[in-house]
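The values are calculated or read from the model by the stated rules, or taken from the named source; none is laboratory data. Please read these numbers as outputs of a predicted model, since none were measured by experiment. Methodologically, a virtual Cβ is constructed for each residue, glycine included, from the backbone with ideal geometry; neighbour enumeration extends over all protein chains shown. Remember, those area values only see protein heavy atoms, side chains included, never the ligands or the DNA or RNA. Shrake-Rupley method; radii C 1.70, N 1.55, O 1.52, S 1.80 Å.
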Amino acid sequence: MTDSRPTTDSRTGPDAGLDAFTPRLLFTDLDGSLLDHHSYDWSPARPWLAQLKQLGVPVIPVTSKTRSEIVPLRQALGLTDTPFIAENGAVVGLPPAWCHARIDRPGPDGLAIRTLGVDIGFVRKRLSVWRERLGVRFTTMSEMSLEELVDYTGLPEPEARLARLREGSEPLIWEDDESRLEGFREGLAGDGLQLVRGGRFWHATGTAHKGSAVSWLIERFEALRGRRPLTLALGDGPNDIPMLEAVDQAVVIRGCHGLVVSPAQSSLYRSEATGPAGWAEGVAYWWGRADRRVIPAVLREATQASLEESLP
């Protein structure tokens, strides 16, 4: 599918080429997208990660993982200067360059944390209430032993421990008939909660989701920089749909779970490859061709200034 954004001819007019110098933000799911669904490897995406960092394009993780999981992972991925969205939109982490001086209070690690969802204690209490009231069967992550969680997810034990440190959402494994799921969903909705499908788990959370958190960050960027960015998002699961619908361009990465992912998005590309190889394929589709090239931040600012000076 082709890019539906308007383009300009770089050879004519005083505004020619301005579209190429628009700042860009890339939002990405992790498990099954930037990270391999089984091995959690990201090596096929490494060249693009390095190139985007060199070009000054923030790569922003948007994931069901916890803040505790993301903090060491973003260091390994080289994303310590970019924000992150955790627990499907319930928690946002902001590095200094993304903070409002009068609003945000960074912690000892330099990150300001904004909670967009509800407290985990409330989520767990209402899950217990509705399980008893409806007589449905499911197992939450907090009820799984560490050994069970390691076996189910394939995570190393230290990372599985971090996955249990929830702040605004509770993953669960549904063990009842699919026909009973809708009643459970309706019960949670009465408490202001929702049930979101991920690659391995269902996630009980507040009304904040990946899409609302992405929109919040886009607005924050525009308020701080004074310009609306061009945005790209990549994901493989149903819980990524709100994120894929909140951006200008989107990539549905071929999944390993067999779940349908059909966002209402006109600028959509579906990858042939899975995991990080599909991620690299999607980024290359939108931003790898000459007519959609990404311009280094320093050159972009210099050229933008030159263009503005040439205007009458």
Sort 53-59, 229-235, 94-100 by packing, meaning the average of other beta carbons within 10 Å per residue, with the highest value first. 229-235, 53-59, 94-100
Relative contact order of the range 114-256, defined on C-alpha pairs under 8 angstrom at six or more residues apart (%): 21
Which value, in Å² rounded to 10, gives the accessible area of residue 142 with a 1.4 Å probe and all protein chains present? 50
Mind checking the dipole of the chain: about its Cα centre, +1 per Lys or Arg Cβ, -1 per Asp or Glu Cβ, Debye to the nearest 20? 600
Can you pull the percent of the range 15-98's accessible area that's carbon plus sulfur, 1.4 Å probe, other chains left in place? 52
For helix 210-225, what angle does its Cα long axis make with the longest principal axis of the chain, in degrees from 0 to 90 and rounded to 10? 30
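Whole number in Å², please: accessible area per residue of the chain, 1.4 Å probe, ligands, DNA and RNA not counted. Before the final figure, lay out the partial values.
Numbers: 14230 Å² over 312 residues.
About 46 Å² of surface per residue is accessible.
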Mean separation of Cα pairs under 8 Å and 6+ residues apart, divided by the residue count of the chain: what relative contact order is that in percent? 23
Roughly how much of residue 271 is accessible, in Å² to the nearest 10, using a 1.4 Å probe? 10
Among DSSP beta bridges lying fully in the range 171-269, give the percent that are antiparallel, nearest 5. 50
Once you have all Cα-Cα distances for the chain, histogram them in 10 Å bins from zero and send the whole-percent values. 6, 26, 34, 22, 9, 3, 1, 0
Mind giving me the nanometre distance, one decimal, between the label points for residue 157 and residue 177, set 7 Å out from Cα along Cα→Cβ? 4.1
Angle in degrees between helix 297-310 and the longest Cα principal axis of the chain, rounded to the nearest 10: 50
Packing-based ranking, highest mean first, of 155-161, 103-109 given that Cβ atoms within 10 Å are counted: 155-161, 103-109
One would report the antiparallel percent of DSSP beta bridges in the chain, rounded to the nearest 5, as 50
For residue 132 and residue 284, what does the FRET efficiency come to when R0 = 41 Å and r is the distance between their Cβ atoms, rounded to the nearest 0.05? 0.20
Between residue 186 and residue 113, what's the calculated FRET efficiency when r is the beta-carbon distance and R0 is 35 Å? Round to 0.05. 0.65
Starting from the range 106-137, pick out the trypsin sites (Lys or Arg not before Pro) whose DSSP state is loop and whose Cβ has at most 13 other Cβ atoms within 10 Å. 137
Protection proxy ranking, peptides 69-81, 210-222, average beta carbon neighbours within 10 Å, highest first: 210-222, 69-81
Among 193, 218, 85, flag the residue with its Cα farthest along the positive direction of the charge dipole of the chain, charges on Cβ as +1 for Lys/Arg and -1 for Asp/Glu. 218
